[in-house]
Amino acid sequence: MVGQSDMMCASAALHHYPWDDIPSVVDVGSGIGTFFTHLAKVFPHTRITNQDLPEVVIQGHVSLDIQYS
């Protein structure tokens, strides 16, 4: 479970970093992809790679209802 301070830091990074200038991001140790999901919604032009252990990535696909491509 994500703590409130973790959520506040993620929100600050999402809203105060110049993502407009970033064409791609690799999120290493990203867990199920909670941060990258919000990033993708706000900055759809950014290509995002979610990297974690295979079982964690599969759990993220299931919980975020993402289809394998």
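The values are calculated or read from the model by the stated rules, or taken from the named source; none is laboratory data. The model shown is predicted, which means the values in this text are computed figures rather than measured ones. Virtual Cβ from ideal backbone geometry, glycine too; neighbours counted across all protein chains shown.
Summary table
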item	result
Any hit, region 55-68, residues being aliphatic (A, V, I, L, M), modelled with pLDDT under 80 and exposed (fewer than 11 other Cβ atoms within 10 Å of the Cβ)	no
Residue among Pro23, Pro54 that is touching a residue at least 24 places away in the same chain (Cβ under 8 Å) and farther than 18 Å from Ser11 by Cα	Pro23
